[in-house]
Structures are given as C-alpha cells and as structure tokens.
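Okay, structure first, notes after.
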Amino acid sequence: MTRRTVRIAMNGVTGRMGYRQHLVRSLLAIREEGGLELEDGTILWPEPVLVGRRAPALRAIAERHGLEHWTTDLDAALADPSVEIYFDAQVTAARAAALRRAVAAGKHLYCEKPTAASLQAALEIARLAQDAGVRTGVVQDKIFLPGLRKLKRLVDGGFFGRILSVRGEFGYWVFEGDWQSAQRPSWNYRAEDGGGITMDMFPHWEYVLHELFGRITTVQALTATHLPQRWDEYGKPYAATADDAVYGVFQLDGGVVAQINSSWAVRVHRDELVEFQVDGEHGSAVAGLRDCRVQHRATTPKPVWNPDLPSTEPFRQQWQEVPGNGEFDNAFKAQWELFLRHVVLDEPWRWDLLAGARGVQLAELGLRSSAEGRRLDVPELTL
C-alpha cells in the first residue's frame, strides 16, 4: 500500500471556520481515519502547513494536534516546492492578494467564499489560475449537508413535478456584544473591513439555488442595518456600518421564484438555523441542515380560512420525514475529499473559481439592487 502525502498550506486556521471545520473536522478527521484511500490502494495523506500572522496561536494549534509545520511567512510556504495546495480561510479583504501570490507560485487553490471583495477581482484571479493551469476549488458546503442532499434527491427523482417556488429563512440573533459577547467577529459588521451579510450569504444562496433549481437570472434585494451599534471583542462600542440583514427575491431559469431572508437580527422560531421550503405541483418539502420533510399532493389537507375559529389542523404532523438511506459525513470534509481526488486524479470538478465568482457577482448585484431600488438581471459569467 502506497502513501501519497499532499502538503497543504492552510492560511486562516486561527479563525473559527478555518480551525474547526477545515482543519479539525476535515483534514485531521481524514488522517484519523487513516487517510483517503483511492481505488488502487493508494492512501492520500493530507499534511497541513499552518500559516497565519500570530505565531503563538499557530504554535498552540500545532502542539495541540501534533503537527510539525507552521509559519508566519506566507511567501516561504508558497516557495516550498513540496506544498501542492494553498487553502485560504482568511478575512475576505485579505483573500484576493494571497490567492494571486499562490497562483504565481503555481499552487492549486482551495478557498472559502467570497473569493474576493469584488467581481472584477474574483474574475481576475479565476483567469490567472486558468492561464497558470492550476486546479481551483471554492467551498460550497451547504450542498453537502444532509438536509440539502435529501432535497436534491427529491428534485432528481421528480418528486415535485414542476417546481413553483423556493422560500428560504436563514439567521439568528447575534448578540450586540455589550451584555453578552457576540458569536461573530466584529469585522463582520464594519463595511470598511469587508463585512456585511449580503457578501457573506448571497454567495451561498447562489450555489444552492444554482445546483438544486437552476441558474439565477434576476435579483431584487433590500438590505438593512437593523442594529447600528455593537461592541467589539474588547468591549468597545463601534458603529455597525455593514448590512446585518438582506431580503432577496430571485428568478431562476424556467420561471422558479425564490425568496430568501438572511438576518443576524432575528430570533429563531424554526427547527433549524436555515430552512428552505420548496413547493411544486406534485408535492412540497421543507429542508434544513440535517432534516427534510415532505407532503405529497395526495396527502395535502384542504385548509379553509376562518379567522373566527381556532385552527384544529396539526399542520406540522401532516408531513413525512425523508429517510437518510445512508450515512452523511461532515459537509466540509466531503468536499475536501473530492477536491483532493480532483488534484491527484483529475476527477471531474465544477466548484471552481468561476463558480466562486458567480457568488461574488450575486452579492454585488444584490447590494446594487438595494441601493437603486430595482430588480437587476444577472448576466451569465464566462472567463
């Protein structure tokens, strides 16, 4: 049995997402399972090289997990010929410059979204990578979640018939930071630092809608900054200049209408932090992160509107749970495994930097739609 080591420069592992999902629950989880076994018996062994600005934090992570390699010198990591992949989970404002340096060093790229702070920069990096002949991948974790994989199974199996509409609700209350600490970094709420929920979440909704229901052709959005003041990690008040909520309406190829509300200023009254309801002629479904429930047209009740009497219909009980029919791995880990196979075996892959640029495009158009108060077309992107 041959072991093939794949060294990966991981920039941004001191942050919550880079550390928890990408390092611990993805690459280290693959190692704990003995590596990623290929069909010919070869074992792919991911070897992280931790990269960041804070040496004490990097050293602590390396010691905690028995890792040998870390550095605060990104250029040195990129100059190392044994490093094949550069991964980026930094703050958005720092990502584009680092990706350009990685392309220039000839590294394959895998990164979080948005891939850049502007569509122009996102397309520029995608073209640079294409010209350099490196493989690229953008994290699109939501489509690998159990709930959405069950929903995709329903779509592919023709459960809905003609799909009419999609309704999405995402969000939770992010504490202001004064009397309870905030669950998210303060830069998320400062536009000057690249914050804002539109740039954060619209790239997610682009690939979710695109993968499950069709390409987005128009967008109309309204953004809001519901909480204009917050407190940072040191208890200091600051002006929240970025949008903390966005309400979007999207038209898709084929006429499907999607509405998705995203907010960090909403209290949760649903089963999961994100839920999508899909309505079709033959049936409907409600999918969250893990669960998915359906109601076929043959079992749909016939409610009658009568506000003078209390409702006696147990509406939630009239839906049927969709079985898993298998084990679902961590969504981030599942995509990492596919990307590693893409790099080593050249297996088909469609979640590249152009797909990432579509997310940036939708976010930019959403912000512009809100500023101008009108619906905008979403042109199809090419390199």
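The values are calculated or read from the model by the stated rules, or taken from the named source; none is laboratory data. All values derive from a computational prediction rather than experimental measurement. We place every Cβ from the backbone using ideal geometry, glycine too, and count neighbours over all the protein chains shown.
Figures for the structure shown
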{"read-out": "Unique residue being in a loop (DSSP other than H, G, I, E, B) and over 20 Å from the mean Cα position of the chain (by Cα) when the list is Arg53, Arg59, Arg4", "value": "Arg53"}
{"read-out": "Of all residues in region 100-125 being within 18 Å of Gln361 (Cα to Cα) and over 18 Å from the mean Cα position of the chain (by Cα), the one that is surrounded by the fewest Cβ atoms within 10 Å (Cβ to Cβ)", "value": "Gln120"}
{"read-out": "Complete set of residues in region 262-278 that are touching a strand residue (DSSP E or B) at 6+ places or on another chain (Cβ under 8 Å) and either at pLDDT below 95 or surrounded by fewer than 16 Cβ atoms within 10 Å (Cβ to Cβ) (or both)", "value": "Arg267, Val268, Arg270, Leu273, Gln277"}
{"read-out": "Number of positions in region 53-88 that are in contact with a strand residue (DSSP E or B) (Cβ under 7 Å, 6 or more places away or on another chain) and either buried (at least 21 other Cβ atoms within 10 Å of the Cβ) or not polar (S, T, N, Q) (or both)", "value": "16"}
{"read-out": "Matching residues, region 137-170, being part of a loop (DSSP other than H, G, I, E, B) and either farther than 28 Å from Asn325 by Cα or charged (D, E, K, R) (or both)", "value": "Arg162"}
{"read-out": "Qualifying positions in region 62-93 - without any contact (Cβ under 8 Å) to a residue 60 or more places away in the chain, under 23 Å from Gln335 (Cα atoms) and assigned to a helix (DSSP H, G or I)", "value": "His65"}
{"read-out": "Leading residue by the ranking (surrounded by the fewest Cβ atoms within 10 Å (Cβ to Cβ)) among those in region 339-375 that are more than 30 Å from Arg4 (Cα to Cα) and touching a strand residue (DSSP E or B) at 6+ places or on another chain (Cβ under 6 Å)", "value": "Arg375"}
{"read-out": "Cβ-Cβ under 6 Å pairs, at least 6 apart or on other chains, region 237-258 side within 23 Å of Gly195 (Cβ to Cβ), far side aromatic (Phe, Trp, Tyr) and in a loop (DSSP other than H, G, I, E, B)", "value": "Asp244/Trp264"}
{"read-out": "Test: residue in region 242-261 that is in contact with a helix residue (DSSP H, G or I) (Cβ under 9 Å, 6 or more places away or on another chain), outside any strand (DSSP E or B) and exposed (fewer than 15 other Cβ atoms within 10 Å of the Cβ)", "value": "no"}
{"read-out": "Count of region 171-196 residues which are exposed (fewer than 15 other Cβ atoms within 10 Å of the Cβ), in contact with a strand residue (DSSP E or B) (Cβ under 8 Å, 6 or more places away or on another chain) and not in a loop (DSSP other than H, G, I, E, B)", "value": "1"}
{"read-out": "Complete set of residues in region 129-154 that are among the hydrophobic types (A, V, I, L, M, F, W, C) and either within 16 Å of the chain's Cα centre (by Cα) or crowded, with 18+ Cβ neighbours inside 10 Å (or both)", "value": "Ala129, Val134, Val138, Val139, Ile143, Phe144, Leu145, Leu148, Leu151, Leu154"}
